[in-house]
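Take a look at the structure below.
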Amino acid sequence: MTALTLMDRFRNGLWYENPGLVQLLGLCPLLAVTSTFVNGLGLGIATLFVLVISNGLVSATRQWIRQEIRIPIYVLIIASLVTCTELIFKAWFPALDRSLGIFIPLIVTNCAIVARAEIFASRNPVGLSIVDGLVMGSGFALLLMAIGAFRELVAMGWLLAVLPPGAFFSLALAIAAKNWIDQRKHHE
Amino acid sequence: MADMPVLRGGITLAAIAAICTALVAVTFELTDDRIEKNAQAWLEQSLLPVLAGVSFDSGIGENRLAIAAPHELPGNDDAMIYRVYAGDSPAAALFVVSARDGYSGPIRLLVGLDTSGIVTGLSVLEHRETPGLGDGIESRNWQEQFVGKSLENPAGNRWNIRGDGGEFDALTGASVTPRAVVKAVRETLEYYAANRGIIFATANAPEKATK
């Protein structure tokens, strides 16, 4: 664990273990809101924010939390953070809040967040957990932005890109592209 | 002694629940005023365009009348009527209603009527119609065809989309959505014709039930 440098962690979060591209977590918001770049950016930042703080809190409380009640506690922490995030968006980014709508409160159900709490934050010190939240959240946010930008661009000529099927095609293309790049690297 | 772990777990859970609740409560306190202001600004911003040609001097959105469901206005949920005044006399009524027969869920509409029952504007507040097809109802151009219309103009069966023998423009590839909107506007006009006296005579709804 300690052998991993900060650089390695970033590489993992953004590429090798990207929550959206590799772990395929949090696909519901990913597919639903990425019709524009701005929506992708908004939800990406909101998710990143929740993930960093939830990882920090889960890690900070990990000594006191018994194995049996850890899941309800994660849910409690994540749900409160998401509620706060929703209030903050409504207060300071009302336009973004209107266009993201239900998907801000639905960050609660983004399994990438519970997964990081369970896999990483509950077993690692606070600092590392925050870094993990940061890299995983950035990986997710960058993917949302990339798919949002791609769909918005393609939709200028091909309307289907902003419709739900376009989301599936775009994600499939992104995953295919990643695998192709990895394969080529492997061969070299 | 056997239930001690359960008790300890319960206490931990309760303590964390209390901390989380406090966190949400503090955030709520910090954001409440701003959220209220944003909602009001958004409301006024959406109310203004449906008041074409109406002169008024009252604040928009201040003078409202909540109509609890069930009611004769379109929609299954509560409707809201905003009353606008010029001096002491009524100038216009704005109806927040829902068209029920859309393609995907209710379509929240804002319909402005002047005192004689002529449409002063229409705007779509919220909908989940198909992007690229039904969402054409968002277009200003499409909404503007209602301005100046009333229950008698066009008369009777002409209050329909063109495909149904009426006068209103449908959207290419989507007739369900415009049909639902046209019907909701017509029903609002009918409601106004039947209740015109009551709408301006009833006292204000309380500004806010609880604060």
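The values are calculated or read from the model by the stated rules, or taken from the named source; none is laboratory data. Just so it is clear, the model here is predicted, and its values are computed rather than measured. Cβ atoms come from the backbone with ideal geometry, glycine included; neighbour counts cover every protein chain shown.
The table below lists the values:
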| quantity | calculated |
| --- | --- |
| Residue match in region A:151-163 (condition: touching an Asp or Glu at 6+ places or on another chain (Cβ under 9 Å) and without any contact (Cβ under 8 Å) to a residue 40 or more places away in the chain) | yes |
| Condition met for A:A117 (touching a residue at least 60 places away in the same chain (Cβ under 8 Å), buried (at least 19 other Cβ atoms within 10 Å of the Cβ), under 12 Å from the mean Cα position of the chain (by Cα) and assigned to a helix (DSSP H, G or I)) | no |
| Residue list for region A:25-70, restricted to those being among the hydrophobic types (A, V, I, L, M, F, W, C) and free of Cβ contacts under 8 Å to residues at least 12 places away in the same chain | A:W64, A:I69 |
| The one condition in (1) touching a residue at least 24 places away in the same chain (Cβ under 8 Å); (2) within 20 Å of the chain's Cα centre (by Cα) that B:L133 fails to fulfil | (2) |
| Scan of region B:1-29 for residues that are more than 7 Å from chain A (Cβ to nearest Cβ), assigned to a helix (DSSP H, G or I) and of a type in the set (G, A, S), ordered by number | B:G10, B:A14, B:A15, B:A18, B:A22, B:A25 |
| Qualifying position, being under 30 Å from A:M156 (Cβ atoms), surrounded by fewer than 23 Cβ atoms within 10 Å (Cβ to Cβ) and within 14 Å of chain B (Cβ to nearest Cβ), among A:R66, A:R98 | A:R98 |
| Filtered residue count, region A:72-95, keeping only those that are touching a residue at least 24 places away in the same chain (Cβ under 8 Å), part of a helix (DSSP H, G or I) and surrounded by fewer than 20 Cβ atoms within 10 Å (Cβ to Cβ) | 2 |
| Residue ID - surrounded by the fewest Cβ atoms within 10 Å (Cβ to Cβ), chosen from residues in region B:179-198 that are of a type outside the set (F, W, Y) and in contact with a strand residue (DSSP E or B) (Cβ under 6 Å, 6 or more places away or on another chain) | B:R179 |
| Residue match in region B:34-56 (condition: within 10 Å of another protein chain (Cβ to nearest Cβ), in contact with a helix residue (DSSP H, G or I) (Cβ under 8 Å, 6 or more places away or on another chain), over 30 Å from B:S89 (Cα atoms) and modelled with pLDDT of 85 or more) | yes |
| Test: residue in region B:159-166 that is without any contact (Cβ under 8 Å) to a residue 12 or more places away in the chain and in contact with a Pro (Cβ under 9 Å, 6 or more places away or on another chain) | no |
| Candidate set: region A:96-114, residues that are of a type outside the set (A, V, I, L, M, F, W, C) and touching a residue at least 12 places away in the same chain (Cβ under 8 Å); chosen: the one farthest from A:L43 (Cα to Cα) | A:T109 |
| Set A:L134, A:L106: member being away from chain B (no Cβ under 13 Å), surrounded by fewer than 24 Cβ atoms within 10 Å (Cβ to Cβ), at pLDDT below 90 and under 27 Å from A:F10 (Cα atoms) | A:L106 |
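Residue-wise test of (1) part of a loop (DSSP other than H, G, I, E, B); (2) in contact with a Leu (Cβ under 9 Å, 6 or more places away or on another chain); (3) surrounded by 15 or more Cβ atoms within 10 Å (Cβ to Cβ).
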residue	(1), (2), (3)
B:T31	no, yes, yes
B:K37	no, no, no
B:L47	no, yes, yes
B:V54	yes, no, yes
B:I60	yes, yes, yes
B:A66	no, no, no
B:N76	yes, no, no
B:V84	no, yes, yes
